[in-house]
Amino acid sequence: MRSWSPHSGALALSFLLLAGGVAEEPSVPRLELVPVPAGEFLMGTDEWGSDESPARAVTLPAFSIAVTETTNAQYHAFWLADGGASSRHTPLNFTDEDRVAAWTRTVAAKPDHPVVGVTWFDAAAYAAWLGMRLPTEAEWEKAARGTDGRLWSWGNAFDGRIGTATLHANLLRDGSTPMPVGRFVTGASPYGALDMIGNVREWTADWYSETYYRASGDIDPKGPATGTWRAVRGGSWTDPPENGGVTRRYTQRPGVATSFTGFRVARDGT
Amino acid sequence: MIGIVLGLMFAVQPSSIDDHAARLYDRSLIAIAHGDIAAAETALEAIVDEVPLHPDADFDLAMLLSRQGKWSRCAELLQRAVESDPTHVEAAVRLGEARLIGLGDPASAVEPLEDALRHDPANVRAARLLAQAWVRLGQPERALAVLVAEGINGAWDAPTQTIFAQALASAGRLEEAAGEFRAALELDPRHAPALIGLGNVLRRLGRTADAAPVLESFRETSREDDEIIILTGFVRADPTDLDSWFRLGMRYLGRASWTRAANAFAHCVAASPDDPSPREALGYALLQGGSAESALVQFRWLVTRFPNVPEYRNSLGAAYLKAKQPKRAAAEFSQAVRLKPNEPGFRANLAEAYEQAGMTEQAEQERRAFEKLVSP
């Protein structure tokens, strides 16, 4: 994993100029990626829901994935470049206020929170703007669990002790709400990705099919050719822990935006 | 002036209605995630009433109603979802399912299922239901053609394999059907329709001796399935029915479905935190499911409240052992042995804990005590 401090204020404040260096070029708050080497991993499980089985060995080429979910500040840079108030990608707000005003206020108040209220199309547009893409379901799961078949990013027990901590993810509990990205450092995946479990569910590139695991190949699967829902992963502050860990598959229609679904980006190679 | 005002209203209103509906929809999804079905239904009903074209709300409300057996309204909503969004393949599939299974009308199920397969030729559920409809309509060849189509035949699960076998049986191809039913049982040995299908085919082939044990397995399986279905219905209708939650958890324990069992017992513990029985069962389900740390929480609670119950000490020891803390495990097993010295299981566990803790002498001593207890 590349060096990264989850509590660093630099995450929100340091701005990285994208390639090009032109004065008008849009800039985006620093985006950290972790490399995931090529190779095999165990995908799925035979224990929980039937759409997660059969568990099988899947081989992926090398890729890189964002350390954290995309933040409001990062998405805001894209939104400005896309026309700001006239952008078709203004996130939905959940407070009965005007969209643009509420979004602007949200960015100012919570720059490090994961962006929510975005559709799959919004997420894909942001990723494309960066020259990246959304991870496939297989990439997402490998980045979350590594190669040892673990059930949670940090191990096999949801509340296993790591150091002095027993809480490793922002899942449903009393008063749970979205939190700034990267707070649960003990929940890091074997590759160093944070919040793979909890905080917000994450859009993936794939269409969802409940029977896909039985039909898909084991080399770099990219999901069914078509579908009704996109596959969403990771669980959120609205999901109780018993709903499952790294193998759990959620679904969401691509045009639906919710207060508990965000995304992270990925790209080929390391 | 009025024209300008109306024009502005109409320019703004559709978007704000969309946002309002989206917020209500968000609320319904959160309620579903929390298991608060009544709140989800209220939010979805509001969208369905207020927004003429919201296929997602139509679909989700239909799914909630289908769980309650309200098939007519469910089918109406799904029909609406399909009409407002013909690409909503899942709505078409579920409409076919509602008509075929819920309303018992295979003829009207065919059209939406064929539409679904046109949009998504690899949709196994659509293919299975369509094949089922053709079997019920007495056209098994059409059922077979649906299931062997490209994109479908590589992804069969036990139910799909069973429908294929039923179609063969319906076409009079009994030997082939028997083989396919057996293939379904390889995928899921407890799949009741495959068990009864195989039993019936064997009887039709005159192999009554072979059919008897298969049909007996079916009777056993269906009794358990029925009980789970009934208990699930009870807890859905009344989530405060703790007795049913507990019995459902025990049923899942019997099937080694540890996560589902733990979920059921967790409902009991949440509602009745001072009751030791569901705590013990929850701890056991968590332990068996590989969540030793979570199990420890439950067993520690029990031992704190009931320090002189040897079984709780023994369970806590088992959780420590699984959490790779053999010294703590040994301490708990020792307490269990002190409280109930003649229980051989406690002695065996204590020996194992000593062994893992590297205390070989004590391990050997406990093993001898165990052997003394179990020797005739």
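The values are calculated or read from the model by the stated rules, or taken from the named source; none is laboratory data. Bear in mind that the values here come from a model prediction, so they are computed numbers and not experimental data. Here the Cβ positions follow ideal geometry from the backbone for every residue, glycine too, while neighbour counts run over all protein chains shown.
A few remarks follow.
- For region A:49-95, taking the residues that are among the acidic types (Asp, Glu) and touching a Lys or Arg at 6+ places or on another chain (Cβ under 7 Å), the one that is surrounded by the fewest Cβ atoms within 10 Å (Cβ to Cβ) is identified as A:Asp51.
- A:Val118 satisfies every condition listed in (1) crowded, with 24+ Cβ neighbours inside 10 Å; (2) farther than 20 Å from A:Leu33 by Cα; (3) more than 14 Å from every other protein chain (Cβ to nearest Cβ) except (3).
- When residues of region A:190-214 are limited to those that are among the small types (Gly, Ala, Ser) and touching a Phe, Trp or Tyr at 6+ places or on another chain (Cβ under 8 Å), the one nearest to the other protein chains (Cβ to nearest Cβ): A:Gly198
- Among the residues of region A:26-58, those that are at pLDDT 80 or above and part of a loop (DSSP other than H, G, I, E, B) comprise A:Arg30, A:Leu31, A:Glu32, A:Pro37, A:Ala38, A:Gly44, A:Thr45, A:Ser53, A:Pro54, A:Ala55.
- Single match in B:Arg251, B:Arg347, B:Arg328 (criterion: part of a helix (DSSP H, G or I) and without any contact (Cβ under 8 Å) to a residue 24 or more places away in the chain): B:Arg328
- Candidates in region A:221-266 are the residues that are under 15 Å from the mean Cα position of the chain (by Cα) and free of Cβ contacts under 8 Å to residues at least 60 places away in the same chain; of these, the one that is farthest from A:Gly198 (Cα to Cα) is A:Thr251.
- Matching entry among B:Asp120, B:Asp105, B:Asp115, B:Asp56 (being facing chain A (nearest Cβ under 10 Å) and over 25 Å from the mean Cα position of the chain (by Cα)): B:Asp120
- Qualifying positions in region A:215-260 - farther than 26 Å from B:Ile152 by Cβ, within 9 Å of chain B (Cβ to nearest Cβ) and β-branched (Val, Ile, Thr): A:Thr238, A:Val256, A:Thr258
- Screening region B:281-291 for residues that are within 17 Å of B:Pro326 (Cα to Cα) and crowded, with 22+ Cβ neighbours inside 10 Å and picking the one that is modelled with the highest pLDDT gives B:Leu287.
- Selected residue (criterion: nearest to B:Thr232 (Cα to Cα)) from residues of region B:65-95 that are within 14 Å of chain A (Cβ to nearest Cβ) and in a loop (DSSP other than H, G, I, E, B): B:His88
- For region A:189-232, filtering for residues that are buried (at least 24 other Cβ atoms within 10 Å of the Cβ), charged (D, E, K, R) and closer than 26 Å to B:Asp56 by Cα leaves 4.
Each row is one residue, and each column tells you yes or no for (1) surrounded by fewer than 19 Cβ atoms within 10 Å (Cβ to Cβ); (2) in a loop (DSSP other than H, G, I, E, B); (3) polar (S, T, N, Q).
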position	(1), (2), (3)
A:Asp122	no, no, no
A:Trp140	no, no, no
A:Ala144	no, no, no
A:Asp148	yes, yes, no
A:Ala157	no, yes, no
A:Gly160	no, yes, no
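- Annotation note: Cβ proximity below 6 Å between a residue of region A:154-183 that is within 11 Å of chain B (Cβ to nearest Cβ) and a residue that is of a type in the set (Asp, Glu) (sequence gap 6+ or interchain) occurs for A:Ala157/B:Glu293; A:Asp159/B:Glu293; A:Gly160/B:Glu293; A:Thr166/A:Asp159; A:Leu171/A:Asp239; A:Leu172/A:Asp239.
- Residue count for region B:102-118 under the criterion of being surrounded by fewer than 17 Cβ atoms within 10 Å (Cβ to Cβ) and either of a type in the set (Gly, Ala, Ser) or farther than 22 Å from B:Ala171 by Cα (or both): the result is 6.
- Of the criteria (1) surrounded by fewer than 21 Cβ atoms within 10 Å (Cβ to Cβ); (2) under 20 Å from the mean Cα position of the chain (by Cα), which one B:Asp18 fails: (2)
- Residue check for B:Gln166: out of contact with any Lys or Arg (no Cβ under 6 Å at 6 or more places or on another chain), part of a helix (DSSP H, G or I) and under 29 Å from B:Ser72 (Cβ atoms): yes
- A:Ala101 being over 20 Å from A:Arg30 (Cα atoms), free of Cβ contacts under 8 Å to residues at least 60 places away in the same chain and of a type in the set (A, V, I, L, M): yes
- Residue match in region B:157-164 (condition: out of contact with any strand residue (DSSP E or B) (no Cβ under 9 Å at 6 or more places or on another chain), modelled with pLDDT under 85 and within 14 Å of chain A (Cβ to nearest Cβ)): yes
- Exclusive hit being modelled with pLDDT of 90 or more, within 12 Å of chain A (Cβ to nearest Cβ), crowded, with 24+ Cβ neighbours inside 10 Å and in a helix (DSSP H, G or I), set B:Ala131, B:Ala98, B:Ala127, B:Ala143: B:Ala127
- So A:Ala205, is it in contact with a Ser or Thr (Cβ under 9 Å, 6 or more places away or on another chain) and among the aliphatic types (A, V, I, L, M): yes
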